[in-house]
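Enquirer: Below is one structure. I have some questions about it.
The values are calculated or read from the model by the stated rules, or taken from the named source; none is laboratory data. Treat the numbers as computed from the prediction; the structure is a model and nothing was measured. Cβ sites come from the backbone with ideal geometry, for glycine too, and all protein chains shown count toward neighbours. Each accessible area value is taken on the protein alone, full model and side chains, heavy atoms only, with ligands, DNA and RNA left out. Shrake-Rupley method; radii C 1.70, N 1.55, O 1.52, S 1.80 Å.
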Amino acid sequence: MTQAKELALPQMRATPSTWRRWLAQAETPYALISGLAFFLTWQVAVDAFDFPAYLLPSPLAVLKDLVLSWDLLLSETAVTLFEIVLGFIVSVAIAMPLAILFTYSRTFERLVYPIIVGTQTIPKVAVAPLFLVWFGFGLLPKIIIVTLITFFPIVINAVVGLKSLNMQTVYLAQSMGASPLQVFWRFRLPNALPSVFAGLKVAIVLAVIGAIVAEFVGADSGLGYLIIVAATDQNVTRQFSAILILSVAGILLFGLIGLLERQLLPWHSSVRRDALVDS
Amino acid sequence: MNMKKRTLLKYLSSAASLQAIGLSASGARAQSRQSATLRLDWTPSGYHAPYFLALSRGFYKEQGIDIQIFDGKGSLSTLTAISEGSDTIGIASLATVALGISQGRPLLAIGGMIQTMPDSVISLKGSGITKPKDLEGKTWGYNPDDYSTRLFPAFAAAAGFDASKVKKIQLSHAIVHTSLLQGKIDFMIGWEFTDALRVARQKPIERPIKYADYGVNMLGGGLFVSKKTAAENPALLRSFMAATAKGFKEGLKDPQAAVAALAAARPSSDRELLLEQLNRTPPYLHTKNSAGKGFGYMAQADWEQTLVLMKQAFETFKGDLKPNDVYTDDFLPKT
């Protein structure tokens, strides 16, 4: 719908008012409205039903905690963000080449794919403690857990995307003398990108979960660690602060991938909006 | 959200079972009988066995109570089950109960169980840790959600060593034993009659160094109810405590039978381990202040120390609670 308005406006008016165009394109104002409504409902519910603070703190109390302890929260957020981003990058670096191998070698796919599916059925929470014992207590086990948890959607979506190239396109390219490498870079990969990005978007959200799982099991810092300590303190407000930050960080990272997608695939923006609805 | 849902589920399940009991009892008896639920702090350990013995031998029935025992998932979730009224009586660390009360939870401790903290320094044989001073320069695998972690500074002060010279690695319960056995850490702090046993089954250990031996002690697992139940149903609580005291008396006399009762109710439990845990429980059931006063008796002095230590260890411990705000011995059987 927004799409139609966006296209229609310039034709209907010679000089479309800029704010209307902005409103048609932007997502942030809408997100702000629904976000505000959410917090308002929360505040009203806490006031109306008189929930005790040890069960559900009011958003104002959480905001107060965020403001008063911003320095602590910021440094813990930095730790967790670093784990999320690094784990995600490692995951992409492993998943993409693997997806390409799957696309080109049926034998390799038959050999390795079932193992990858098999590892995915193991809940990461169950193996996280083992990783700590195996890989020590530093950054490494956290990166491994984030990588493991994000790896699957990236591979799956990349394989689907890479395999979805129309054979006629390949034949046409080949008939014009394109080398296999050229077919890959000029046709197969660009064709797969929308699907790849769908996988990346799922993965970045999972990366947040992975980092927290890892920190729950063993960490000296980070938001996951903060949540455990706050639970022992029976400081529910602080738990909510950390959860809120995590949620915002997840949204921002998700938006960042979306931004990257728009830069790389300007021609594909309509599909992007559909994909967003899908996921 | 999740917690709410769980509470609701628990409420529904206990309501359903109460109804079932009500239906099976005859009309006349149903009037004199009362139903109640007991929510444990965790899945059952050896020290929970006497409750199951009291249940299976009908001690609660004798007192006119139909009781059901449910497992817990940590002190904190039991606190919520009791303060929100989905269960009648709870078992949780009484220090945690006090922290909850300081935050406005309407709770009251009605009986002590684990009154001497079993929290001890555990290290492998040959670690060189035979006295507290040896901890300086050693690596400690600690868990941030343990009270023993929060009390470590108090322990260091009481035992005369420098806590800042101890190296720390944060580890969850799931891996701390393995890490100790592997030598990745020099020591852990755990319960003398559960964690130390588990480690000792794998490798020989040094004699555990107990916090309480240096005068650092807080009340541990004990019984508590909501203020509402305490005000509205003192008769029920008196009956419950009388039956429980009898369960402990009989259970400690015949640990085999107590463990058998527990194993019958929870078939997946490890009998041998439960028996060993129960056999080692008695010294922890009292402090020197409450010794000889019967099961469940809590001494004012122990509560005073608990509140002082909690206030030191927790920023979130609000207000200035007095022992009388958090506990009562009124429901205990008169001896």
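Enquirer: Once the dipole of chain A is set up with Lys and Arg at +1 and Asp and Glu at -1 on Cβ about the Cα centre, which of A:A37, A:P52, A:L111 lies farthest towards its positive end?
Expert: Toward the positive end, the furthest listed residue is A:L111.
Enquirer: Here's a follow-up. If you scale each eigenvalue of the Cα gyration tensor by 5 and take the root, what three semi-axes come out for chain B, rounded to whole angstrom and sorted largest first?
Expert: 35, 22, 18
Enquirer: Please work out the Kirkwood hydrodynamic radius for the stretch A:111-235, using every pair of different C-alpha atoms, and report it in angstroms with one decimal place.
Expert: Radius from the Kirkwood sum: 17.0 Å.
Enquirer: Thinking of the stretch B:102-227 as a set of Cα atoms, what percent of all their pairs are more than 25 Å apart?
Expert: Within the stretch B:102-227, distances greater than 25 Å cover 26 percent of Cα pairs.
Enquirer: Related question: State the Cα centre-to-centre distance between the stretch B:100-130 and the stretch B:141-188 in whole Å.
Expert: A separation of 14 Å, based on Cα centres.
Enquirer: So, one more: Have a look at the DSSP beta bridges in the protein assembly as shown and tell me what percent are antiparallel, nearest 5.
Expert: Given both bridge residues lie in the protein assembly as shown, the antiparallel proportion sits at roughly 55 percent.
Enquirer: Now, a different point. Which Cα, out of B:G247, B:T37, B:A230, lies furthest along the positive dipole direction of the protein assembly as shown (beta carbon charges, K/R +1, D/E -1)?
Expert: Final value for the positive-end residue is B:T37.
Enquirer: Which of the residues in the stretch B:172-204 lose at least 30 Å² of accessible area when you go from the chain alone to all protein chains together (probe 1.4 Å)?
Expert: Those residues are B:S172, B:I175, B:K184.
Enquirer: Averaging sequence separations of C-alpha pairs under 8 Å and six or more residues apart, then dividing by the length of the stretch B:134-244, give the relative contact order as a whole percent.
Expert: 27
Enquirer: Pick out, in residue order, every one of the trypsin sites (Lys or Arg not before Pro) in the stretch B:239-301 that is DSSP loop and has at most 14 other C-beta atoms within 10 Å; say none if there are none.
Expert: B:K288
Enquirer: Hey, any idea what % of the protein assembly as shown's accessible area is carbon plus sulfur with a 1.4 Å probe?
Expert: 63
Enquirer: Determine by what factor the alpha-carbon radius of gyration of the protein assembly as shown differs from 2.2 N^0.38 Å, reporting the quotient.
Expert: Against the empirical 2.2 N^0.38 Å value, I get 1.18 for the protein assembly as shown.
Enquirer: Further, regarding this structure: Could you state the accessible area per residue of chain B in Å², with a 1.4 Å probe and every protein chain left in place?
Expert: 43
Enquirer: If the cut-off is 21 Å between C-alpha atoms, which lysines fall inside it for A:K163, apart from same-chain ones fewer than 8 positions away?
Expert: Those lysines meeting the cut-off are A:K201.
Enquirer: Pull out a ≥ b ≥ c, the square roots of the eigenvalues of the alpha-carbon gyration tensor of the stretch A:210-251, then state rounded if a/c is under 1.5, prolate if not and a/b is larger than b/c, and oblate in the remaining case.
Expert: oblate
Enquirer: More than 14 Å apart: what percent of Cα pairs in the stretch A:48-97 qualify?
Expert: 69
Enquirer: 7 Å from Cα along Cα→Cβ at both A:Y30 and A:I94: what's the point-to-point distance in nm?
Expert: The two pseudo-label positions are separated by 3.7 nm.
Enquirer: Considering only Cα-Cα distances, which of the following residue pairs are longer than 21 Å: B:K61/B:K246; B:K228/B:K322; A:K64/B:K318; B:K210/B:K293; B:K210/B:K322?
Expert: B:K210/B:K293; B:K210/B:K322
Enquirer: Now for a separate question. What residues in the stretch B:294-335 lose 30 Å² or more of accessible surface when the other protein chains are added to their chain alone (1.4 Å probe)?
Expert: Residues meeting the cut-off: B:T316.
Enquirer: Further question: Provide the gained length on full extension for the span A:D50 to A:Y104, in nm with one decimal, where the gain is 0.36 nm per separating residue minus the Cα-Cα distance.
Expert: Between A:D50 and A:Y104, full extension yields 13.3 nm more.
Enquirer: What percent of all Cα-Cα pairs in the stretch B:134-203 falls in each 5 Å bin, counting up from 0?
Expert: Cα pair-distance distribution for the stretch B:134-203, in percent: 3, 17, 27, 27, 18, 7, 1.
Enquirer: What number comes out for accessible area per residue over the stretch A:64-185 if the probe is 1.4 Å? Units Å², please.
Expert: For the stretch A:64-185, the solvent-accessible area averages 54 Å² per residue.
Enquirer: Would you mind working out the magnitude of the charge dipole of the protein assembly as shown relative to its Cα centre, with +1 at each Lys and Arg C-beta and -1 at each Asp and Glu C-beta, to the nearest 20 Debye?
Expert: It works out to roughly 1020 debye.
Enquirer: What whole number of Å gives the distance from the Cα centroid of the stretch A:72-139 to the Cα centroid of the stretch B:199-216?
Expert: Between the Cα centre of the stretch B:199-216 and that of the stretch A:72-139, the gap is 39 Å.
Enquirer: If the cut-off is 26 Å between C-alpha atoms, which lysines fall inside it for B:K203, apart from same-chain ones fewer than 8 positions away?
Expert: B:K125, B:K131, B:K133, B:K138, B:K167, B:K168, B:K184
Enquirer: Pull up the cross-link candidates among the aspartates and glutamates for A:K142, meaning alpha carbon to alpha carbon under 14 Å and not fewer than 8 places away within one chain.
Expert: The qualifying aspartates and glutamates are A:E83, A:E215, A:D220.
Enquirer: Per-residue HN-Hα couplings for the stretch A:53-62, Karplus 6.51 cos²θ - 1.76 cosθ + 1.60 at θ = phi - 60°, whole Hz, x for Gly and Pro?
Expert: Karplus values, whole Hz, x for Gly and Pro: 4, 6, 9, 8, x, 7, x, 5, 5, 5.
Enquirer: Can I ask one more? Chains B and A: buried accessible surface, both sides, probe 1.4 Å, rounded to 100 Å²?
Expert: 2200
Enquirer: Suppose we compare each residue of the stretch A:50-79 in its chain alone and in the full protein complex with a 1.4 Å probe; which ones drop by at least 30 Å² of accessible area?
Expert: Checking the loss per residue gives A:Y54, A:L55.
Enquirer: Additional query: If each of B:K165 and A:L172 carries a label point 7 Å out from its Cα toward its Cβ, how far apart are those two points in nm?
Expert: Result: 7.8 nm between the two label points.
Enquirer: Can you tell me the alpha carbon radius of gyration of chain A divided by the globular rule-of-thumb value 2.2 N^0.38 Å?
Expert: Dividing the Cα Rg of chain A by 2.2 N^0.38 Å gives 1.22.
Enquirer: Could you state the number of Å between the C-alpha centres of the stretch B:240-275 and the stretch B:46-82?
Expert: 11
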